[in-house]
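The values are calculated or read from the model by the stated rules, or taken from the named source; none is laboratory data. Keep in mind that this is a model prediction, so the values were computed, not measured. Cβ placement follows ideal geometry from the backbone for every residue including glycine, while neighbour counts extend to all protein chains displayed.
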């Protein structure tokens, strides 16, 4: 259990590496490590989420389960007037995300958090989530519920899930709770949902 990317303190030995990728007009070189999600590079689901998400030009954005910080590092540049809070339960991921978003300055805050517990700011305008499928359905759906409770009215939860990981049942769950849910992108089995509060 200690070696899972959703553990608070991964037990696997640290093996830092540099990863490079280009997405949404942004070319980045970030630091990754063993014990975090998609340690060898930007995974397909996260890439699709980054490519698809439409965010307010100004506002508070939360990357829930930020890993080493790829989403915030990219979209923080695409939307230069936004403020960001990056949250992850994994202490190693938090350390990496802090380093990887440092160039964005004070408008980014990175915190270790189980879900949204360490979100102390006002209601966010958007939450982005590539859920930790291996943590189990109850954890994933709990993150959906938490996001709904914390978003401002009119705010949006952006979720990416693969069909084989329960995207269809997740869609039904989200549709029962959010004001409006739309399928914004679908590619190679991955679905990106925009869930409006």
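If I ask for residues that are surrounded by fewer than 14 Cβ atoms within 10 Å (Cβ to Cβ) and either modelled with pLDDT under 95 or closer than 17 Å to residue 132 by Cα (or both), which ones from region 164-188 would you list?
Passing the criteria: 164, 168, 169.
Just to be sure I understand the filter: pairs with C-beta atoms under 6 Å, separated by 6 or more residues or on different chains, first member in region 23-52 and within 24 Å of residue 163 (Cβ to Cβ), second member at pLDDT below 90 and assigned to a loop (DSSP other than H, G, I, E, B). Which pairs pass?
Qualifying pairs under 6 Å: 37/5.
Only one of these conditions is not met by residue 182: (1) in contact (Cβ under 8 Å) with a residue 60 or more places away in the chain; (2) assigned to a strand (DSSP E or B); (3) over 17 Å from the mean Cα position of the chain (by Cα). Which number is it?
Result: residue 182 fails condition (1) only.
In region 51-72, what residues are buried (at least 24 other Cβ atoms within 10 Å of the Cβ), in contact with a strand residue (DSSP E or B) (Cβ under 6 Å, 6 or more places away or on another chain) and part of a helix (DSSP H, G or I)?
Scanning region 51-72 gives 71, 72.
Quick check on my filter: what residues within region 126-144 are outside any strand (DSSP E or B), surrounded by 14 or more Cβ atoms within 10 Å (Cβ to Cβ) and out of contact with any helix residue (DSSP H, G or I) (no Cβ under 7 Å at 6 or more places or on another chain)?
Going through region 126-144, the residues outside any strand (DSSP E or B) turn out to be 130-144.
From the residues that got through so far, the ones that are surrounded by 14 or more Cβ atoms within 10 Å (Cβ to Cβ) too are 130-133, 135, 137, 139-144.
Selection gives 135, 137, 139, 142, 143.
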